[in-house]
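Chemist: Here it is, the structure, as structure tokens.
Where a number appears in this text, it was derived from the coordinates with a stated rule and is not lab data. Just so it is clear, the structure is predicted and the values come from calculations on it, not from any experiment. In this analysis, Cβ positions are derived from the backbone assuming ideal geometry, glycine residues included, and neighbour counts consider all displayed protein chains.
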Amino acid sequence: MGKPTWARMERLLDALQNQHYGKSVAELVEVCGITTRSVQRYLRALREEDVLEPAGLDASRRQRWRLTEFGKKPIRIAYSISELFTQRLALQSVAPLVAGTELEAALRSLAVKIEAALPEPFKEMARGVAAALPVRPVPRMAKRPGELVIEDVLEAAVRRWILQVEYRAVHGGGKTKCYRLKPLAVFPHKGALYVAAIAGDHTKPVNFALERFVSVEPTKETFDPPAGFDASEFVRRSFGVFDGAVEEVRVRFSAQVAPVVRERIWHESQAISDLPDGRIDITFRAAGWPEIRAWVLSYGEHAELIEPAARRKETEKELAAMVRRYA
């Protein structure tokens, strides 16, 4: 893996400090040791944030770029205590998602910059908050995305660019397959990032694990999302990341685990019914049967799938096979 994205960006900005006549792309590539493609990406992003402006042409008729007055000014932030805690919690929740990727260093850099921008009385408090809210490791994919993969996917999803992707599927003995994807949204789930995208000539989006992207190439060819597509609604319809038909699910929990189970919202459509003996029924409508199945089985003898009837029969057969194996 090459240098982190944040370090490359910092190097580029440092190279432009006190450069009234600016520098060309070729000069920035040479000075910063960054690829032409990365320099062009960062210049475009910085221009959109009003950090850079054109500084005329050099002797070879190449465009030079320099910092704007806004880009030269340090940023100062005023925080309330609650905002400081909220900011830290947000950083902590993101940390497991980017661990092991080029964005991990970017997240650390962001935390440092935010602290540096705080008024003096808040800096000590920020360090105390960081110590009180440690990052807790969570299970995550062993293989992480390659260099610039996350950055390319995020930019393509924002700009609606079609991607050429090399993807390593779960099944296939480690072989990769090439896709032409239209990325619609990127979202987290259980310590991993997923991409809702339309593949090839298909019309319905499916979810791809970002960790299984071996390489991506933005085509700069744009696309329009399907009519009426709502990314938030698409993500919420599933119990996890598996898609499929939406099913009416009812699960019965024993009185022993009912108090714990009812404390959480497992799906936005859920409803809880109390039974006379202390048991509860949870009903909801969701797609993603593999994850619903795993959730029910994780409670062992304390959970019973009532509906759908066909899924109950499947589960009955699976449990019988498990009993035979353990016997």
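Chemist: Only bridges whose two residues both fall in region 217-287 count here: according to DSSP, what percent of them are antiparallel, nearest 5?
Modeler: Taking every DSSP beta bridge within region 217-287, about 90 percent pair in antiparallel fashion.
Chemist: Here's another thing I want to ask about it. At a temperature of 4 °C and a viscosity of 1.567 mPa s, determine how fast region 5-72 diffuses translationally according to Stokes-Einstein, using the Kirkwood radius over alpha-carbon pairs as Rh; express D in µm²/s, rounded to the nearest whole number. Before the final figure, lay out each step's value.
Modeler: Numbers: Rh = 11.7 Å.
Estimated diffusion coefficient is 111 µm²/s.
Chemist: Here's something else I'd like to know. I want the local charge near Pro205. Using Cβ-Cβ distances under 15 Å, sum +1 for each Lys or Arg and -1 for each Asp or Glu among the other residues.
Modeler: Within the 15 Å Cβ shell, the charges total +1.
Chemist: How much length is gained on full extension from Glu53 to Thr222, taking 0.36 nm per residue of separation minus their Cα-Cα distance?
Modeler: Going from the current span to full extension adds 58.3 nm.
Chemist: Continuing with this model, one more query. Please tell me the relative contact order of region 247-326 in percent, rounded to the nearest whole number, where contacts are Cα pairs under 8 Å and at least six residues apart.
Modeler: 38 percent.
Chemist: For the pair Glu316/Ala130, report the inter-label distance in nm, with labels modelled 7 Å from Cα in the Cβ direction.
Modeler: About 5.8 nm separates the two model spin labels.
Chemist: Taking the alpha-carbon distance from Lys317 and a cut-off under 17 Å, which aspartates and glutamates remain once sequence neighbours fewer than 8 residues away in the same chain are dropped?
Modeler: Glu301, Glu304, Glu307
Chemist: At R0 = 41 Å, how high is the FRET efficiency between Thr36 and Tyr326 if r is their beta carbon distance? Nearest 0.05 is fine.
Modeler: The formula returns an efficiency of 0.10 here.
Chemist: Quick one: among Arg108, Arg264, Arg160, which has the greatest mean-square fluctuation in a GNM of the chain with alpha-carbon springs under 10 angstrom?
Modeler: Of Arg108, Arg264, Arg160, the most mobile in the Gaussian network model is Arg264.
Chemist: Return the ratio Rg/(2.2 N^0.38 Å) for the chain, where Rg is computed over Cα atoms only.
Modeler: Cα Rg divided by the expected 2.2 N^0.38 Å: 1.26.
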